[in-house]
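Here the structure is laid out as C-alpha cells; the discussion comes afterwards.
The values are calculated or read from the model by the stated rules, or taken from the named source; none is laboratory data. Since the structure is predicted, the reported quantities are computational estimates derived from the model, not experimental observations. Methodologically, a virtual Cβ is constructed for each residue, glycine included, from the backbone with ideal geometry; neighbour enumeration extends over all protein chains shown.
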Amino acid sequence: VSYVASDSRASGLIACPECDLLQREPPPIAKGAVDCVRCGALLYRTVPHAIELSLALMSAAAILFVMANVFPVMSLGLQGRYIAETFYGMAQSLAEAGMLSVALLVAVTLILVPAARILALLCALVPLRLGRVPKALPLASRLLTALRPWSMVEVFILGALVSMGRLNDVGDLDLDVGFWSITGVMLLQAAADSILDQRDLWRCAAALEQGKGTWR
Amino acid sequence: MALSAARAGLLACRNCGLLSGAHARARRCARCGTALHARKPNSIMRTWALILAAYVLFIPANLLPVLETSAFGYGGPQADTIMSGAVHLWLQGAWPLSVVILIASVAVPLAKLLVLTYLLLTVQHRARWNPSRRTRLYRIVDFIGRWSMVDIYVGALLVGLVQFPPLATVSPGPGAIAFGAVVVLTLFASQSFDPRLMWDVSEGRAVQGASHG
C-alpha cells in the first residue's frame, strides 16, 4: 500500500470533492478547517489529537450503543398495562404488521449501520493508537464513507420527540434507559465526526509505516 | 485559469481524496482500494431514474394512509394520510408537531426532488449560470434529505407502543411503504448526482468518460 500520491504531478496538490478544482495544499495548520477556494466545500479539518479524542468518544459510544439496544427506549402505560419498546421491537412490530420493507429500513438505519460505523472506526483507531497499521484500514475507511448517509440516529431522536408529543395524552409515557443511551450515542458520534478527518487515519498510517513511531 | 483535476489528467479518490494519474494501476486508489472515476459513472441517467421513480411513488405516499388508528380517544377507527395526520395534530392544538411533520415529510422530499430536477436540467442544457450557487443548493438538499425519515420513526414507535386492544391500537398503512421508498430513492439520487458536472459545463469542456446524458 502506498500512502502518498503515485503521480509526481499530484504532490502538494489537492482536488475539491465538489467542484474538482486542483489547488495547492496549504501548509499544515495546527487547528482549523480548509475550504475550497472556488466553491467553499470543506477540503479538510485538523483537530489536535484527533485519533486519541475520537477513540475515546467512540469507545464510550460503543458502550452506550449496546445499552441503547438492550434497554427499552420508551414505555406507554394505559389502565394498568405497560408496553415497553426497544429498537428491535420497533422493527419486529412493523414486520408483524406486514410491513417488512419498512421494518428493514428501520433496522438498517438504527441498528445495523450505526453498529457497523462504530465497529469500523474502532477497528481502525485501536491498532493505530497502539502503533500498528491495521490490514483492514482500507476496508474500514471505505465503509465509513459509504455508510455515513445511512446512519439516522439523530433523525430518530427527533422522531421520538414528535411521538412523545402525540402519546402524552394517550397514556403514561416514560422515556427509558434506551432513549438516554441513544441520545448519548448521537452526541458522541457527532463530536467524533466533527473531530476526525479521514486524512488523520492516512497520515497516522503513513507515519507509522515510515517507522517514525509517532505521527504528529 | 482554474484547472480541474480531471483536465490535468488526475483522478481524485472519492473516498480518501488521494490523487492518482489517469493510468493508475487497475483504476483503483492505491491507498484505500476505491474504484477511480473522473466523474461518478452515468451520474445523470442514474439520478434521473431515481428521481422519476421517487416522483411516481410520492403520489401513493401522500394519498394512501400511513397510520390506521382505532379508538384513539376520539371515537371510531380512522386512517390517516401524512397530510390528514398533520391537519388532525393542528386541530388538536399541537401545531409545532404538525409543522415538523409537514416540513419533514412533505416539504423536504418535494424540495429535494425539484432541486435535483433543476440541477439535472441545468447540466443537460449546459447552463453556465453561477455554478457556485448551484453547488451550494446541492449541498443543502443533500444535507436535509435524511430528515424525511422522521415520520417513519414516529410511525414505528406508535405502532409498537399503542397496542391496547380494544382501547387503542395503531397499525401501519400501505402509504408507509411508498413513503419509505421515496426517502430511500431520494437519498440514493442525491448520492448519484455529481456536482462537478456543473463546473465542467461552466468551464466549457466535457470531461472524458463523464456522461452528459
Please specify each residue of region B:163-213 satisfying the condition of being hydrophobic (A, V, I, L, M, F, W, C), at pLDDT below 90 and part of a loop (DSSP other than H, G, I, E, B). B:L167, B:A206, B:V207, B:A210
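Do we find that A:S141 is more than 16 Å from A:L110 (Cβ to Cβ) and outside any loop (DSSP other than H, G, I, E, B) in this structure?
Details: more than 16 Å from A:L110 (Cβ to Cβ): yes; outside any loop (DSSP other than H, G, I, E, B): yes.
Yes, satisfied.
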Extreme residue, farthest from the other protein chains (Cβ to nearest Cβ), among residues of region A:186-197 that are surrounded by 19 or more Cβ atoms within 10 Å (Cβ to Cβ) and farther than 14 Å from A:L55 by Cβ: A:M186
Whether any residue in region A:150-165 is without any contact (Cβ under 8 Å) to a residue 40 or more places away in the chain and either over 23 Å from A:G89 (Cβ atoms) or touching a Pro at 6+ places or on another chain (Cβ under 7 Å) (or both) is what I want to check. no
Which one of the conditions (1) loosely packed, with under 15 Cβ neighbours inside 10 Å; (2) without any contact (Cβ under 8 Å) to a residue 40 or more places away in the chain; (3) among the hydrophobic types (A, V, I, L, M, F, W, C); (4) closer than 23 Å to A:D20 by Cα does B:M45 fail to meet, given that it meets all the rest? (2)
Which members of region B:94-137 meet the condition of being buried (at least 22 other Cβ atoms within 10 Å of the Cβ) and touching a Pro at 6+ places or on another chain (Cβ under 9 Å)? B:L119, B:P131, B:T135
All positions within region B:140-188 that are over 26 Å from A:F179 (Cα atoms) and without any contact (Cβ under 8 Å) to a residue 40 or more places away in the chain: B:I140
Working only within region A:114-149, note down all residues that are farther than 15 Å from A:A192 by Cα, in contact (Cβ under 8 Å) with a residue 12 or more places away in the chain and among the basic types (K, R). A:R129, A:R132
Just to check your reading of the model, which residue among A:R45, A:R24, A:R81 is touching a Gly at 6+ places or on another chain (Cβ under 7 Å), within 14 Å of chain B (Cβ to nearest Cβ) and farther than 25 Å from B:S148 by Cα? A:R24
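Has region B:76-83 got at least one residue that is within 12 Å of chain A (Cβ to nearest Cβ) and either among the basic types (K, R) or assigned to a strand (DSSP E or B) (or both)? Spell out how you get there, then give the answer.
The initial filter retains those residues of region B:76-83 that are within 12 Å of chain A (Cβ to nearest Cβ), namely B:80.
Adding the requirement that they be either among the basic types (K, R) or assigned to a strand (DSSP E or B) (or both) leaves B:80.
Looking through region B:76-83, at least one residue is within 12 Å of chain A (Cβ to nearest Cβ) and either among the basic types (K, R) or assigned to a strand (DSSP E or B) (or both).
For region A:108-138, what are the residues that are of a type in the set (V, I, T), within 13 Å of chain B (Cβ to nearest Cβ) and either assigned to a helix (DSSP H, G or I) or touching a Ser or Thr at 6+ places or on another chain (Cβ under 9 Å) (or both)?
Step one: list which residues in region A:108-138 are of a type in the set (V, I, T), which gives A:108-109, A:111, A:113, A:118, A:126, A:133.
Retained after the next criterion (residues that are within 13 Å of chain B (Cβ to nearest Cβ)): A:108-109, A:111, A:113, A:133.
Those that are of a type in the set (V, I, T), within 13 Å of chain B (Cβ to nearest Cβ) and either assigned to a helix (DSSP H, G or I) or touching a Ser or Thr at 6+ places or on another chain (Cβ under 9 Å) (or both): A:V108, A:T109, A:I111, A:V113.
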